[in-house]
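These notes concern the structure reproduced below.
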Amino acid sequence: MKTEVKICGLRTAEAAEHAVALGASHIGFIFFPKSPRNIEPDDAGRVAERIRGRAKIVAVTVNADNDDLDEIVSSLKPDILQLHGSEDPDRVLTIKAIYGLPVMKALSVREASDLERIDAYVGIVDRFLLDAKPPAGSELPGGNGVSFDWRLLDALDGSVDYMLSGGLNAENIGEALALTGASAIDTSSGVESAPGLKDLKLMDAFFDAVRRAEAVVPRSGSKT
Ligand SMILES: O=C(O)c1ccccc1NCC(=O)[C@H](O)[C@H](O)COP(=O)(O)O
């Protein structure tokens, strides 16, 4: 089974089209002004039009209010909302009721107890994005290029649908897939040459490494 791959933090049509040509299943746009990957909703909408229908378009927001979400949803027309802040289950239910879009809830992981937060969202969110906790001093809740201990996911109930995220790159994705059996993965800074600057060659290397890993590791959900 082919691994779903989300490339996050796209800012140009060239990079988005390259990611999709390589087989990206999801393209993420960041709406968080402090991020080097931040993009205006209108600009994101223009980039998204180049790839719509070939990959799922993901709007990444952080504790966004309804006014901001209205603008993002109307300009980008995303397939999925990724909530990367401290949105609680009630807020997720409200957002789902207003926009009628699938929600991927990001949860940050450093230790086993962090996974206990999953339970409160089961049956409410459509998928989890399990990311590393930001390093001390970081202003970004995501996109920090740091990983968590993937072996923590051994304790996860097999029914939890998640994307593995946090510091994934061409060098470590083989080990990450071998340890977790994740069927969906996400990367951002691992395919950048500088913060916010996607690098086509690093994307090539990332997808090559994923394909090599797929050849040796049966993905979760795979019958083989
Ligand atoms: O990437 C950002 O700058 C960002 C800012 C604010 C909230 C979320 C953000 N990224 C969300 C993602 O889905 C990233 O792909 C994820 O955190 C992994 O990033 P990385 O560790 O750089 O691969």
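Going by the alpha-carbon gyration tensor, a ≥ b ≥ c the square roots of its eigenvalues, is region 21-71 rounded (a/c under 1.5) or, if a/c is not under 1.5, prolate (a/b greater than b/c) versus oblate?
On the way: a/c = 2.03, a/b = 1.79, b/c = 1.14.
Prolate is the answer for region 21-71, as a/c is 1.5 or above and a/b outweighs b/c.
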**Item:** Most positive-pole-ward Cα, 181, 118, 135, against dipole of the chain from beta carbon charges
**Value:** 181
**Request:** Loop only per DSSP, at most 12 neighbouring Cβ atoms within 10 Å: give me the trypsin sites (Lys or Arg not before Pro) in region 127-224, ordered by residue number.
**Result:** 223
**Request:** Take each complete run of DSSP H in the chain, measure how far its Cα atoms stretch along the helix's own axis, and keep only those covering 24 Å or more with mean Kyte-Doolittle hydropathy at least -0.5; list them.
**Result:** 200-216
**Prompt:** When the chain is modelled as a GNM with alpha-carbon springs shorter than 10 Å, which of 59, 21, 155 fluctuates the most?
**Reply:** 155
**Prompt:** With a sphere of radius 14 Å drawn around the Cβ of residue 69, what net charge do the other residues whose Cβ falls strictly inside it have (Lys, Arg +1; Asp, Glu -1)?
**Reply:** -3
**Item:** Cα convex hull of region 145-204, projected area averaged across orientations, nm²
**Value:** 4.2 nm²
**Item:** Proximal lysine pairs, the chain, alpha carbons under 22 Å, eight or more residues apart or interchain
**Value:** 22
**Complete:** Here, residue 2 and residue 194, labelled 7 Å along Cα→Cβ, have an inter-label distance in nm of 3.4 nm
**Asked** What per residue convex hull volume, in Å³, comes out for region 2-214 when only alpha-carbon positions are used?
**Response** 110 Å³
**Mean-position separation - Cα centroids, region 114-158 and region 36-53, in angstrom** = 25 Å
**Complete:** Zone reached by a paramagnetic label modelled 7 Å from residue 172 Cα along Cα→Cβ, restricted to region 109-123 with backbone N below 19 Å, covers 109-115
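If a/c stays under 1.5 just call it rounded; otherwise compare a/b with b/c (prolate if a/b is bigger, oblate if not). Do that for region 104-186, with a ≥ b ≥ c from the square roots of the Cα gyration tensor eigenvalues. Don't skip to the answer; put the middle values down first.
Values: a/c = 1.61, a/b = 1.14, b/c = 1.42.
It comes out oblate by the Cα gyration axes.
How much length is gained on full extension from residue 216 to residue 157, taking 0.36 nm per residue of separation minus their Cα-Cα distance? Could you put the intermediate results ahead of the total?
Numbers: separation 59, 0.36 × 59 = 21.24 nm, distance 2.37 nm.
Full extension from residue 216 to residue 157 adds 18.9 nm.
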**Net dipole in debye of region 122-224 [+1 Lys, Arg Cβ; -1 Asp, Glu Cβ; about Cα centre; nearest 20]** = 220 debye
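Show me 63-69, 50-56 ranked by packing, highest mean number of other Cβ atoms within 10 Å first. Kindly include the intermediate steps, with their values, before the conclusion.
Numbers: 63-69: 13.6, 50-56: 16.3.
Ranked by mean Cβ neighbours within 10 Å, highest first: 50-56, 63-69.
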**For residue 146, residues with placed amide H under 5 Å, excluding near neighbours** = 167
**Request:** Mind jotting down the distance between the C-alpha centroids of region 56-107 and region 168-215, whole Å?
**Result:** 25 Å
**Prompt:** Using unit Cβ charges (K, R positive; D, E negative) and no other charged atoms, how large, in debye to the nearest 20, is the dipole of the chain about its Cα centre?
**Reply:** 700 debye
**Item:** Value of relative contact order over region 1-79, rounded to a whole percent, pairs C-alpha under 8 Å and six or more apart
**Value:** 30 percent
**Asked** In nm, to one decimal, how far is the modelled label at residue 146 from the one at residue 74, with both set 7 Å along Cα→Cβ?
**Response** 3.9 nm
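Taking R0 as 35 Å, what's the FRET efficiency between residue 66 and residue 111 from their Cβ-Cβ distance, rounded to 0.05? Let's see the in-between values first.
Working: r = 34 Å, r/R0 = 0.96.
Given R0 = 35 Å and the Cβ-Cβ separation, E is 0.55.
Bear in mind that the values in this text are calculations on the coordinates, not laboratory data. Being a predicted model, the structure only gives us computed values, none of them experimental. Here the Cβ is made from the backbone with ideal geometry for all residues, glycine too, and neighbour counts use every protein chain on show.
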